[in-house]
Amino acid sequence: MPFSISSTTPAPRSHRRTRSRHASVGGRMLRGCAFVMILSGAAFSQMASTPPSLVRPAGITDTYLDARVESLLQSMTVEEKVGQLVQYSAGQPTGPGTGRTDYEDMIAHGQIGSLFNVIDPHEINKYQKIAMEKARLHVPILFGLDVIHGFKTEFPIPLGLASTWDPSIVEKASRVAAMEASADGIRWTFSPMVDIARDARWGRIAEGAGEDPFLGSAMAAAYVRGYQGSHLDSPDSIAACAKHFVGYGAAEGGRDYNSTEISEHTLRQSYLPPFHAAVEAGAASLMSAFNSLNAVPSSANPFTLKQVLRKEWGFRGLVVSDWNAVGELIPHGVAADGAAAARKAFLAGVDMDMVSSLYHDNLQQIVSSGQATQAELDEAVRHVLRVKFALGLFEHPFVDESAAPKALYHPDSIALAQTAAERSFVLLKNANGSNGKPLLPIPTAALNIAVIGPLGDDSSYPTGAPAGAGPRVSLPAALAQRVGEGHVSRFKGCGILDGTDDEIASAVAGAQKADVVILTLGESPEMSGEAASRAHLGLPGRQQELLEAIVRTGKPVVLILFSGRPLTVPWAFDHVPAVIAAWLPGTSGGPALARTLFGDVNPSGKLVVSWPRSVGQEPLYYNSLNTGRPPYETDLAHPPADIASRYVSRYIDEQNTPQFPFGYGASYTNYTYGNTTVSLPRLSAAALNRSLNAGTDAAALTAEVEVTNTGSRSGLEVVQLYIQLQGTSVAEPVRMLKGFQTIAIAPGEAKKVKFELKPEAFAIWNQRNEFAAEPAKLKVWISPDSAHGSPAQAEILP
Ligand code: BGC
């Protein structure tokens with residue numbers, strides 16, 4: 001499905017249609033937004049006083065929704081209002097030190113607004129019954145869960161899903177997740193994670209869409225559309241929660257929860273856009289992050305939570321803190337005690353307190369003592385009630401307990417999980433084997449395959465479903481289905497983190513008897529995600545030793561890397577002919593890999609993170625600034641050969657370039673790209689800004705390229721459009737992605753690929769932090785990745 005910032009193709013149009021049909025908890029109209037973005041702070045508030053006009057389906061208007069919220073609000077006591085702002089994780093004692101688990105009693109007294117981590121529909125109904133029957137005002141509980149890449153049917157991890165470069169796959173996958181989770185009684189997911197991640201050490205890079213704000217925005221909106229469906233009050237829709245607002249992915253040193261320092265320019269240009277896209281797509285909620293941002297913790301940051309989110313973007317949904325993020329304001333050092341932490345988070349704009357219990361314990365007193373106003377309390381409660389009304393929870397608070405089993409693991413969902421996995425694999429290398437032909441795909445005929453390595457069985461896929469649940473087929477089993485049981489042998493070789501000499505020796509003996517070795521190495525699912533930062537990005541344990549021992553057998557080796565991040569394995573890239581990044585591919589990963597290895601599927605995934613050569617290069621991202629001393633060579637001599645090549649921005653012991661650039665992914669066929677052409681040699685900054693002000697959708701420039709499939713197989717190619725601006729008031733990245741399209745292309749076929757770029761593609765966050773176009777020299781590349789192609793040149797005149 002084509003997708004570009006400017007495209008007149010169905011994706012953006014349907015995006016907008018969907019947004020306007022969404023339940024009215026999200027942001028303002030795009031037109032208004034483009035206008036808002038180029039105004040000053042004073043004008044933002046002016047704009048924000050006009051309520052966004054988003055309409056619910058079936059003729060139910062925002063006004064109606066607001067009226068219901070207001071009428072309920074008027075009958076609530078302060079205690080009941082505070083209750084709506086309190087969230088606990090079932091099974092966990094309430095806030096540190098309090099130790100209460102008497103949720104039933106608290107619900108009966110209207111003291112809980114949301115519970116999460118309850119996954120048994122019977123339990124959900126049990127709690128809901130208390131809220132609906134015992135509590136005075138019968139306000140339903142909102143049940144949440146981290147439904148990240150599927151509920152029971154597991155899709156590839158988000159990093160893998162993003163590697164498809166196909167928002168429609170992400171949208172469909174999250175629709176399936178919504179259908180399964182809602183059938184279980186869960187109506188709120190803490191997903192998508194839309195944090196930009198430029199550092200592979202950070203374990204949560206696995207949970208996002210990588211390093212690029214444009215791609216990240218397209219994916220963010222797709223998740224929201226999928227989860228929330230055509231309207232939120234449909235029983236199979238769940239409220240999305242874009243997290244972690246904001247800057248969490250920029251953790252210093254890649255160490256989870258660490259502080260971040262991000263200039264306002266970079267924040268607006270790189271870290272905020274995916275959140276804005278989620279809001280524009282109608283996201284019902286956002287989660288405030290753990291990290292401090294420029295010394296102010298994100299969960300007590302009025303600039304991001306109030307100025308940007310509420311005033312500039314007009315967000316009317318709910319902001320929930322991350323887990324105990326309110327309590328963590330104390331160790332952060334901005335609050336001396338729990339009461340101060342609650343006050344700071346609340347006044348900064350955190351509506352709901354996840355698990356710390358500090359709102360429960362302190363908010364009434366904070367309001368009664370005048371440290372926060374009644375109006376401020378009402379506003380936070382409004383945000384929560386609005387989501388509950390929008391979800392139709394008051395009308396349908398209970399879940400049909402017999403429905404869940406029928407909704408889970410539907411054959412169509414399993415098939416979609418397989419397609420998503422197939423599209424997520426990135427072929428990193430496919431060199432010639434001894435027959436002078438690329439090693440992959442492997443011919444099925446008369447082959448003895450040894451599958452060697454600690455990964456690739458059921459247990460290696462990210463879980464979420466109980467062990468044994470769901471139709472899982474391991475990689476060896478999927479291969480055996482293809483070539484026959486007797487032709488596939490399996491050797492562990494070593495553990496993920498450990499291993500013995502005997503294990504390695506028996507794997508080597510197994511390899512010697514095989515025609516081809518499939519080596520399955522990498523990380524366990526627990527080695528990425530939250531609290532899984534790594535200082536070393538090589539193969540853990542004895543896996544490197546195993547790899548070298550197997551390669552020494554001289555057998556053809558295909559390396560499949562399972563991981564939640566790129567791994568620094570330069571030795572493998574030098575010595576192994578074929579390497580596939582499979583990420584953590586989910587329920588249908590085994591069959592998807594088998595089909596890819598045998599060539600039923602031609603790989604088309606492309607990297608959404610720059611793949612480092614070594615950890616020392618991190619943070620590493622393609623859209624970096626040029627510096628005043630860019631190295632001009634791509635292959636730097638080590639040590640520097642002369643003075644001229646030394647005093648540039650470089651390492652003396654490593655290349656600057658990544659092992660594989662952002663956007664890269666090989667295929668079983670070959671594509672050649674013609675020259676990029678653009679429709680106009682000159683644009684006018686003034687005209688672009690007029691269009692931005694007016695919210696004009698018309699393309700400002702079109703760019704075109706011809707792509708030819710010069711190989712012998714059909715393929716899907718992700719065609720990417722990048723621009724560069726030179727001469728602007730602030731330094732702009734060497735390249736910025738502004739469009740992408742996937743084309744299907746037959747052998748010998750040549751296709752013209754056209755992109756339409758809207759005015760916003762050329763606007764930047766300027767020195768005054770306004771979003772506007774400026775005079776500049778313009779380069780436009782349409783290329784297979786972020787490092788190749790030759791640009792068309794144009795100019796933006798004043
Ligand atoms: C994570 C969030 C998650 C929350 C609830 C936190 O530790 O940072 O991403 O949604 O827990 O499980």
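The values are calculated or read from the model by the stated rules, or taken from the named source; none is laboratory data. Every value quoted in this text rests on a predicted model; they were computed, and no experiment measured them. All Cβ positions, glycine included, derive from the backbone under ideal geometry; neighbour counts span all protein chains shown. To get the accessible areas, we keep the full protein, side chains included, count just its heavy atoms, and leave off ligands, DNA and RNA. Shrake-Rupley method; radii C 1.70, N 1.55, O 1.52, S 1.80 Å.
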**OP:** With both partners inside the stretch 663-798, how many of the DSSP beta bridges are antiparallel, as a percent to the nearest 5?
**Re:** 90
Original post:
What's the angle, to the nearest 10 degrees (0 to 90), between helix 685-694's Cα axis and the longest principal axis of the chain?
Top reply: 50
Original post:
Taking the alpha-carbon centroid of each part, what is the distance from the stretch 224-251 to the stretch 114-166 in angstrom?
Top reply: 12
**OP:** Rounded to the nearest 0.05, what FRET efficiency do Arg690 and Ser714 give with R0 = 41 Å and r taken as the Cβ-Cβ distance? Could you check?
**Re:** 0.40
Subject >> Helix-only [θ]222 nm of the chain, DSSP H runs n ≥ 4, -39500 (n - 2.57) each, per residue, nearest 500 >> reply: -8500 deg cm²/dmol
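What per residue convex hull volume, in Å³, comes out for the chain when only alpha-carbon positions are used?
So the per-residue hull volume is 160 Å³.
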**OP:** Could you work out how far apart the two model spin labels at Asp120 and Thr61 are, taking each label as a point 7 Å from the Cα in the direction of the beta carbon, and quote it in nm?
**Re:** 4.7
Original post:
What nm value, rounded to one decimal, do you get for the distance between Leu680 and Asn769 when each label is placed 7 Å out toward the C-beta?
Top reply: 3.1
Subject >> C-alpha center-to-center spacing [the stretch 351-412, the stretch 482-550] in angstrom >> reply: 46
Subject >> Percent of Cα-Cα distances greater than 17 Å, calculated over the stretch 366-409 >> reply: 58
Subject >> the chain: angle of helix 10-21 to the longest principal axis, Cα-based, in degrees nearest 10 >> reply: 20
Original post:
How far, in degrees from 0 to 90, does helix 543-552 lean away from the longest principal axis of the Cα atoms of the chain, to the nearest 10?
Top reply: 20
Subject >> Sum of side-chain charges, Arg201 neighbourhood, beta-carbon under 11 Å (Lys, Arg +1; Asp, Glu -1) >> reply: +1
Original post:
Based on the Cβ-Cβ distance from Leu497 to Asn258, what FRET efficiency comes out when R0 is 22 Å, to the nearest 0.05?
Top reply: 0.35
Original post:
Based on the Cα gyration tensor of the stretch 221-364, what are the three equivalent ellipsoid semi-axes, each the root of five times an eigenvalue, rounded to whole Å and given largest first?
Top reply: 25, 19, 13
**OP:** List the residues of the stretch 189-221 whose backbone N lies under 12 Å from a point placed 7 Å from the Cα of Ala535 along the Cα-to-Cβ direction.
**Re:** none
Subject >> Of all accessible heavy-atom area on the stretch 561-624, the percent that carbon and sulfur account for (1.4 Å) >> reply: 48
Original post:
Rounded if a/c is under 1.5, else prolate if a/b is larger than b/c, else oblate: which is the stretch 627-755, with a ≥ b ≥ c the root eigenvalues of its Cα gyration tensor?
Top reply: oblate
**OP:** Kindly provide the pair-distance distribution of the stretch 486-615 built from C-alpha pairs, with 5 Å bins from 0 and whole-percent values in order of increasing distance.
**Re:** 2, 9, 19, 23, 22, 16, 7, 2, 0
Original post:
Hey, what's the chain come to in accessible area per residue, 1.4 Å probe, Å²?
Top reply: 35
**OP:** Based on a Kirkwood Rh over C-alpha pairs, give the Stokes-Einstein translational diffusion coefficient of the stretch 126-223 at 4 °C and viscosity 1.567 mPa s in µm²/s.
**Re:** 88
Subject >> For the stretch 327-432: rounded, prolate or oblate by the Cα gyration tensor [a/c cutoff 1.5] >> reply: oblate
Original post:
Restricting to the chain, what percent of DSSP beta bridges are antiparallel, rounded to 5?
Top reply: 55
Subject >> FRET efficiency, 1/(1 + (r/R0)^6) with R0 45 Å, evaluated for Thr101 and Ser614 via beta carbons >> reply: 0.40
Original post:
Carbon-plus-sulfur fraction of the accessible area of the stretch 683-763, 1.4 Å probe, in percent?
Top reply: 48
Original post:
Percent of accessible area on the stretch 137-257 owned by carbon and sulfur, 1.4 Å probe?
Top reply: 54
